[in-house]
Structure formats: structure tokens, C-alpha cells
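This report refers to the structure that appears directly beneath it.
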Amino acid sequence: MRDAPTFRARSAPFADGPLMVERVTSPSDSSTSSSSSLLRTAADSSGPGTAAGPEGSASARDSAEDRLRGLLAANRSVVSELALPGVLRRIVEAARAIAGARYAALGVIGPDGRLEQFIHAGMDEDTVERIGHLPTGRGVLGALIEQPEPIRLHTIGDDPRSAGFPAAHPPMQGFLGVPVRSRGEVFGNLYLTDRVDGSDFSADDEDLVVALAASAGVAIENARLYEESRRRQEWLRASAEISRDLLRPGLGDEVLVRIADAMLRLADADVVTLDFPEGDPATPAHQVREDASRLVIEVARGVETDDLQGTAYPTAPSLAGEAMRERRVVLVDGTGPLDPALTPVIADGIWGPAMACPLVGEEGVRGAVVVARCVGSRPFSPSDVETAEQLALHAAVALELADGRRDEERVAMLEDRHRIARDLHDHVIQRIFATELTLEAVTGRATDPAVRAALGRAVEDLDETIRRIRTSIFDLQGARSSPDARAVLLEVVRSSTAGLGFEPALRLEGPVATVLDPALLHDVTAVLREGLTNVVKHSRCTKVDVHVTVTASCVTVEVTDDGSAMSPGTGRGAAGPEDADHTDAPGTGRPVRPTHGRGLDNLTSRARARHGECTLATDERGTVLTWTAPLTS
């Protein structure tokens, strides 16, 4: 190994100059290479033709020392920064300074082999704005991408690889390009144009910039490791916070909002949405349709998302729809405007790179998370995708836990209802029934007719109370995952409340829940709905009683109202317009309303199809519709 010259004896002649002519070209020591080159320049300046002799040699040597000190200072500046954007900016400024260039830039190469970032120095903002879009890697810049070896040119325009400059671009002549390597791969390229003194870039300039590029590669590697470490630390902290939230009951959809906020921060995104198939977002996973035609944004966080929540859009061909169908992350890496068809709601020309992650639970896909950045932003990196996948997994777990908690609450509510129903049956009804038996026994011993009548009315009232309590018991027991006949009939009666202005009284007698098969229940429901609809349209009543009775042989539906009487018959009463003048019903003193012929014909047809009958009559209670069908056709 050769001894490197020292610079301490500045007054001594540089006699070892000729020995220093050989350049060190080891790629592992670019700094040594640049030092030898500069020392060679100093030695050459002491030969014949040097104006000042030993003094000129010392001056050249001082200039070489100054440039080396500048390189060392540039290296210290570059490696002292940990944030990657700051490192890249310092590299550009340092290269411009040590090469004495007017303009400098660092182009970062993207996955597609083009420049995804272009950090420049030397141009004012007005000039940059007039130029427009930044270079993407064509012409001489692209040549350095294809062949990552240093390039020096006297005039850029004379090179056949040159693609020219935009109209507002300042003129440039000399060019020096050097690749910057990190992790064994070319990270980007340093581009320098036009020395300030007007001369061409020399081999010494090239050596200095190559040495700086080697230090820049190390600095970029350190910045990347620091960024990965910081992101992983943030991810661990966010994961711990979300895990605590998942274990806390009562947060509900707030957990999804927090997950969206964490994804917005950790993925360095501008907007995050959680999209679910149209319908109730609380629908259990096994009931969610993965092929739903529309998706709804349930959570929206980020830039300009105030009006997004609750918005629906077509599933195909959106990113979210594709992610749900294929159960994988779907990426759009372009830096240009996002295709509106991919995210119809947020693609309004300002969004660029985007990705969608499916929310996959144990029983299927629940929805998708859509993450997007503004147009012109860098594409999502593998670490961004990994972070999004992990947070999407957290969101899926949150939905599964929410389902579990809802099921537990529903079971607790049903158990409570069954307990109340059991208590009503075992305690309240039994005590009322015992009181009723006592009154009946007293009635038999009473001799005063008025007392006997009063006791009879009391017994009837107790019977009615027991029937109403039983209806309440059926109502309490009807709230189950698969509604029975009682719950269906209750729902039909309640649906007429809006038209009547009050809720009809419903009495169910016999084994209604167990005897009515689906086909017969369908007919009974249709009869009850048609009868109540007819009452709403025509009766002008203040009271409606519905009585459904199941015996060993038949089922009977009876709808009684105290409104206008209908013309008597079997369902084919007098026809007439609905707004015809009302006349008095014979023997009742109440007005007669016109019948609704087609509806009553349908009820009669249903009864006959089951070998039953349908009648319409009036008595002291009012108008009575009776529909009867045997249990076996």
C-alpha cells in the first residue's frame, strides 16, 4: 500500500508529484480516488509552464485542499441528517457546491424505471412554475438510468441522446451525471449542469461528485432504516392503542374511526374510507353479500371528506369491489389523476396513487378500506401496503367483536323478555284466574240479579285481561331470529295503526304459533291485511277488534269495527264509488259504506280454495268480517 501524501509542509516543493500521477480507481474508496486526482492536478501545475514555480504549486495545492475540505464538509452535512427528504435536499446542495455548478438535481428512480421524485436547486420558483411538469427520465437523464455510469458532456444539445428542453427552460450546456447507489441498487442519479466559471466539468469534478454519491448512498440507507424504525415504532404504538380499544365495550363504530385515523397517519395518506355493501353495516358477516351491486362509505377521514360519509357508489369496477372479490390488496401506482371508475366518490381529479384492502372476517368479506394520496404523490411502498393490511385486519376484528357483542346483548334481551313472559304467565295470569274462579263461585250463590250481573261482568273483564296479558306474552316471545305466526300477525295489525290513528286490539286463541303452516299463515296474513285495509279506507271507525282463533278443526279470522256498516252479503255487496253517499243500514241506525268488491272477492276465493267461507255481516258490535278455513284441505 502506498503512503498517502500529507499537506503539512506547504513550503516544500511538491517533488513527489510525478509519483502521484496514477489515479486510484477502486470503487470501494471513492474519496481516495478524488484525493489522488486533485493531488495530480497540483503536481502537474509545478511543471514547465507554471508561471509562479513553487509558489504556483503551493497555490494549486491549497486549492485542492480547499476542495477536499469542501467534500468532507459536504459528507458531514449529508450524513448528519436522518429524515430522508432532508437527506436528499442536502445531497443536491452539497453536489452543487463542491462541483461549482449553477444547477443541480437528484432524480429518484421509481419501480417503473422512471423518475418519481426530482429534487432540484438553482432555479427560482417562477422559473419552475413556467417550466411545468418535472422531468420523468427521458433523453440524457434516461441514458443514466439505463446505464448507471458517470456521464460528462461539453454540450448537452450535441449529444444524440438529448431530448431537448421545454420552452421556458433556461439554457444549459455542460453536464455531469453520477448514479447514487443504496442497498446495492441504484437509488437515483445526481445531475449537474453549467459550472459557474463557464468551464467544462473536469475529471476532478467527476471524482468529487462520485465520492459524494458514495457518502450519499450511505446517508440514504441510514435515513431509510431510521424511517422504517420510526414507522414500526408508530405502528406498534397504534396497534397497542387499537387493541385496547377493541377490548373496551361500548365504543361501537368509534373503533373504526380510530383505525381509519391510524391508517391515514401511518400510510402517509390523504384520504381513507371504509366501504361496506349497501345495507345495514351491522349486518352479521354470514348475511353480507360480497357481490352486492353498490357500496356505501360508512367512515371517511382525511382531506375533503366531510360529505363522503353515507355516499353509495357502484361496486364494479371500483377498487373496493375488486379487492372484495379477489380478497387481496389492489393497487393503483400511477402518479397521474385516478380513474374516476375506480373510486367513483373520491376520484374528482385530485387523487393519484390509491389502494384497497379487503376486510376479511371468519365468515366472509365484510367490506374494504380505500386509501388514496393526492395526485403527484409517491406511490405506496411495500411497507405502506403491509401497514394497511395489518390495520384492515384490525378493522375486520373490530367488526367481528361488534357482532359478538350485539349477539350477546340480543341473547340477554331475549332471556329477559322470556323471564318477564314466564313471570306474567306463572304468577300474574294464575292469580287473576284464581280470582275469576272465586267470583264465579260467588256468582252461583248470589240471589240478587243485579249482583249476579255485576259479578258476571267482572268475570268477563278478568277474561279480557287474561287475553290481553297473553297477547303481551306472545309479543315478548315473538322477538326472535325467526318470527313465528304470532309475531307475523302482530306486525300486520300494527302496520294499520298509521291509517287508523290507533292500534287495533288483537286476540289470539289456540295454538296459533304451532298449527299454522307457512302456506296457511300466508293466507291468514293476506286476509287480515285486506280486512284492515278495507276498514282504513271506508269505515270511519273508532275501534277495531281482531280475533284469530285456532281450534282442532279450523282457523277463524274475525275483524270487527264500529264504523259505517257495509251492505250485507258474502262479499259481493252493493257496488259503488268509494265516495258515494252513505245511507243508513237497516236496523242499525248506522250509515252503510260501499263494499270494496275486488278485495272481498279475493278473500272469498281464498276461503273457497281451502273449502272454507268468508262472510260480511253487521250486528250490535258493528261490521264483522269473518273468514274461516279448515286446517286440512
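The values are calculated or read from the model by the stated rules, or taken from the named source; none is laboratory data. Here the structure is a predicted model, which means the values were calculated and not measured. Neighbour counts run over all protein chains shown; Cβ positions are idealised from the backbone, glycine included. When the accessible area is computed, the model is the full protein with side chains, heavy atoms only, and any ligands, DNA or RNA have been set aside. Shrake-Rupley method; radii C 1.70, N 1.55, O 1.52, S 1.80 Å.
Check off (1) more than 57 Å from the chain's Cα centre (by Cα); (2) at pLDDT below 85; (3) closer than 24 Å to Arg486 by Cα for Ala574 and give me the number that stays unchecked.
Ala574 satisfies every listed condition except (3).
Check off (1) modelled with pLDDT of 80 or more; (2) over 16 Å from Leu399 (Cα atoms) for Ala292 and give me the number that stays unchecked.
Exception for Ala292: condition (1).
Just need a number here: residues in region 612-628 that are open to solvent by less than 50 Å² (accessible area, probe 1.4 Å) and part of a loop (DSSP other than H, G, I, E, B).
Matching residues across region 612-628 total 1.
Testing Leu153 on (1) within 47 Å of the chain's Cα centre (by Cα); (2) touching a residue at least 12 places away in the same chain (Cβ under 8 Å), one condition comes back false. Which one is that?
(1)
Out of curiosity, is Leu144 touching a Leu at 6+ places or on another chain (Cβ under 8 Å), among the aliphatic types (A, V, I, L, M) and within 19 Å of Ala101 (Cα to Cα)?
Against the criterion (touching a Leu at 6+ places or on another chain (Cβ under 8 Å), among the aliphatic types (A, V, I, L, M) and within 19 Å of Ala101 (Cα to Cα)), Leu144 does not qualify.
Filtering region 113-143 down to residues that are free of Cβ contacts under 8 Å to residues at least 40 places away in the same chain and among the charged types (D, E, K, R), which residue is farthest from Ala167 (Cα to Cα)?
Arg114
Can you name the residue in region 62-114 that is among the aliphatic types (A, V, I, L, M), closer than 10 Å to Ala219 by Cβ and open to solvent by 30 Å² or more (accessible area, probe 1.4 Å) and is also farthest from the chain's Cα centre (by Cα) among such residues?
Only one residue fits best here, namely Val79.
Please verify whether region 580-596 includes one or more residues that are of a type in the set (Ser, Thr, Tyr), modelled with pLDDT of 50 or more and either open to solvent by less than 80 Å² (accessible area, probe 1.4 Å) or not in a loop (DSSP other than H, G, I, E, B) (or both).
no
Does Ala60 qualify as being among the hydrophobic types (A, V, I, L, M, F, W, C), at pLDDT 80 or above and part of a helix (DSSP H, G or I)?
no
Applying the selection to region 526-551, what residues are surrounded by fewer than 21 Cβ atoms within 10 Å (Cβ to Cβ) and outside any loop (DSSP other than H, G, I, E, B)?
Answer for region 526-551, where residues must be surrounded by fewer than 21 Cβ atoms within 10 Å (Cβ to Cβ) and outside any loop (DSSP other than H, G, I, E, B): Ala526, Arg529, Glu530, Thr533, Val536, Lys537, His538, Asp545, His547, Thr549.
For the subset of region 184-201 comprising residues that are among the small types (Gly, Ala, Ser) and open to solvent by 40 Å² or more (accessible area, probe 1.4 Å), which member is nearest to Ile145 (Cα to Cα)?
Gly184
Does Ala219 satisfy being modelled with pLDDT under 85, hydrophobic (A, V, I, L, M, F, W, C) and assigned to a helix (DSSP H, G or I)?
Yes, satisfied.
Looking at region 88-138, which of its residues are in a helix (DSSP H, G or I) and of a type in the set (Gly, Ala, Ser)?
Answer for region 88-138, where residues must be in a helix (DSSP H, G or I) and of a type in the set (Gly, Ala, Ser): Ala94, Ala95, Ala97, Ala99.
Out of Leu256, Leu236, report the one residue that is open to solvent by 40 Å² or more (accessible area, probe 1.4 Å) and more than 27 Å from Glu116 (Cβ to Cβ).
Residue meeting the stated conditions: Leu236.
Is there any pair with a first residue in region 165-183 that is farther than 11 Å from Gly217 by Cβ and open to solvent by less than 100 Å² (accessible area, probe 1.4 Å) and a second that is of a type in the set (Lys, Arg) and not in a strand (DSSP E or B) whose Cβ atoms are under 6 Å apart and which are 6 or more apart or on different chains, and what are they?
That search, which allows pairs on different chains as well, returns Ala168/Arg130.
Residue pairs, Cβ under 7 Å, 6 or more apart or interchain, first in region 507-534 and in contact (Cβ under 8 Å) with a residue 12 or more places away in the chain and within 21 Å of Arg468 (Cβ to Cβ), second open to solvent by 10 Å² or more (accessible area, probe 1.4 Å) and among the acidic types (Asp, Glu). List them.
Ala513/Asp484
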